[in-house]
Amino acid sequence: MYAFTSRFANVVLKIFGRTKVINKDKLPKDTGYVVSCSHTGWIDVVALGTSLLPNEIHFMAKKELFAKPQAAKFLHSINAFPVDRENPGPSSIKTPVKLLKEKKIVGIFPSGTRSSEDVPLKKGAATIANLARVPLVPAAYSGPTDLKGLLSGKKIHVIFGDPISLKNEDGTKKDPADITTELSNVMAELQNELNNLGGKK
């Protein structure tokens with residue numbers, strides 16, 4: 001289901017969104033990693049997934065989306081897994097760490113702003129990457145936020161930054177709070193870079 005859905009979505013986004021992926025060469029190879037991408041609507045989740053093809057991504061999604069059996073079945077089939085954002089427990093970390101140790105990719109989507117509600121998800125991304133000992137990749141998205149915007153032909157950009165090191169120069173582990181701050185700053189820089197592209201083709 002993931003292969004079919006992602007490739008179909010890729011065709012749709014290329015036709016209507018004229019998708020452009022920037023710095024894909026920065027992505028780690030031969031290892032799992034966490035990618036943290038700005039989030040404004042459902043299209044950015046799809047765009048990130050298609051930008052990583054042929055590799056698959058596993059999405060962290062709020063548990064409310066899994067309330068109905070049919071919805072839960074579909075979400076699981078496209079590699080999404082539920083997380084209780086209000087009361088995160090051990091499973092919130094156990095599932096993604098297990099996936100990462102299997103050399104898979106985990107996507108986490110803070111909102112596109114630098115508000116205080118961003119912090120728990122960015123901190124979670126840093127914590128999960130630290131526990132799994134895998135790279136943490138910052139990313140940003142610009143483009144349509146809904147179907148109407150997509151069908152209007154608004155261009156889609158996905159940009160990746162350099163993987164954030166989890167260690168200091170002396171080889172010691174960085175504090176998760178410092179990694180979170182660095183992630184937030186780099187994501188903001190990437191978002192600004194996309195904003196400056198504006199309507200450029």
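The values are calculated or read from the model by the stated rules, or taken from the named source; none is laboratory data. Please read these numbers as outputs of a predicted model, since none were measured by experiment. Ideal geometry is used to build each Cβ from the backbone, glycine not excepted, and the neighbour counts take in all protein chains shown. These area figures cover heavy atoms from the full protein model, side chains too; ligands, DNA and RNA do not enter into them. Shrake-Rupley method; radii C 1.70, N 1.55, O 1.52, S 1.80 Å.
Under the condition of being small (Gly, Ala, Ser) and modelled with pLDDT under 85, which residue from the stretch 125-157 is farthest from THR31 (Cα to Cα)?
Across the stretch 125-157, the extreme among qualifying residues is SER152.
Kindly provide the set of residues from the stretch 43-58 that are in contact (Cβ under 8 Å) with a residue 40 or more places away in the chain and open to solvent by 20 Å² or more (accessible area, probe 1.4 Å), ordered by number. Matches in the stretch 43-58: VAL45, LEU53, ASN55, GLU56, HIS58. Across the stretch 91-107, the qualifying residues are those that are open to solvent by 60 Å² or more (accessible area, probe 1.4 Å) and modelled with pLDDT of 90 or more, and the one among them that is nearest to GLY49 (Cα to Cα) is LYS104. Just one of the numbered conditions (1) under 22 Å from GLU193 (Cα atoms); (2) open to solvent by less than 30 Å² (accessible area, probe 1.4 Å); (3) modelled with pLDDT of 80 or more; (4) of a type outside the set (Gly, Ala, Ser) is not true of PRO110: (3).
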